[in-house]
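Just below is one structure, and these are the notes that go with it.
Values quoted throughout were computed directly from the atomic coordinates according to the rules given, and no laboratory measurement underlies them. Here the structure is a predicted model, which is why all the values come from computation and not from measurement. So basically every Cβ, Gly included, is an ideal-geometry build from the backbone, and we count neighbours across all protein chains shown.
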Amino acid sequence: MDSVTVKYYTERFGEDLSAAFIHLVREIGEIALAMEKNNSTHAKLKITEAAAILQYLASRYDLDLDKNLQTLYSHKLDKLVKT
């Protein structure tokens, strides 16, 4: 994965995955606050930032996030539909 988000967070956090995770948790809190205040513009921004950090973390673990999401949730959806 060679995206601008991965490059940005590599510059910002390098290999400090703990700092990246702490920042992710802060962004999640910001999403909750935006939802609580009914501020969809801020919620969209913070969801975007959280997704970018998750992309960065996935890249550090050599994880193809899109592929894994498709595989995992196709399986989960099949199970959900069959029940």
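Number of residues in the range 49-83 that are within 12 Å of T5 (Cα to Cα) and of a type in the set (D, E) equals 1.
Go through the range 24-68 residue by residue and tally those that are surrounded by 12 or more Cβ atoms within 10 Å (Cβ to Cβ), farther than 18 Å from Y9 by Cα and among the hydroxyl-bearing types (S, T, Y). Final tally of qualifying residues: 0.
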